[in-house]
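A short write-up of the structure that comes next.
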């Protein structure tokens, strides 16, 4: 297993400079009305190198985390379930998923 900066294991890697996703960001453009992240302030912190998955920190108190499968289509989805999103209550919960991702990636 490789551990890049930020404690992420391949296939996950930290983004070089975490960026806020504002109104004009890809996530904002893709989310349908009623999406779990609609209107939430988020910060992109990692991406999965073998898929279109991105890890966002949801700027709440305490923070939560969301893995979003972006389509990069630049089009707003009509179903609030898309883009596909998995929420994690803590970074520790995300790391549990990351370890499963590592096994899938290495096999």
Over region 87-99, the set of residues exposed (fewer than 14 other Cβ atoms within 10 Å of the Cβ) and touching a strand residue (DSSP E or B) at 6+ places or on another chain (Cβ under 6 Å) is 89
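Listed here are the residues, each with its yes/no results for (1) in contact (Cβ under 8 Å) with a residue 40 or more places away in the chain; (2) at positive phi.
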position	(1), (2)
55	yes, no
72	yes, yes
89	no, no
92	no, no
97	no, no
103	no, no
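Do you know which residues across region 49-75 are in contact with a strand residue (DSSP E or B) (Cβ under 8 Å, 6 or more places away or on another chain) and farther than 16 Å from residue 36 by Cβ?
Initially, region 49-75 is screened for residues in contact with a strand residue (DSSP E or B) (Cβ under 8 Å, 6 or more places away or on another chain), giving 49, 51-59, 63-70.
Those that are in contact with a strand residue (DSSP E or B) (Cβ under 8 Å, 6 or more places away or on another chain) and farther than 16 Å from residue 36 by Cβ: 49, 51, 52.
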Extreme residue, farthest from residue 36 (Cα to Cα), among residues of region 76-85 that are exposed (fewer than 15 other Cβ atoms within 10 Å of the Cβ) and out of contact with any helix residue (DSSP H, G or I) (no Cβ under 7 Å at 6 or more places or on another chain): 78
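Where a number appears in this text, it was derived from the coordinates with a stated rule and is not lab data. From a predicted model like this one, the values you see are computed outputs, not experimental measurements. FYI the Cβ positions are ideal-geometry reconstructions off the backbone, even for glycines, and counts take in every protein chain you see.
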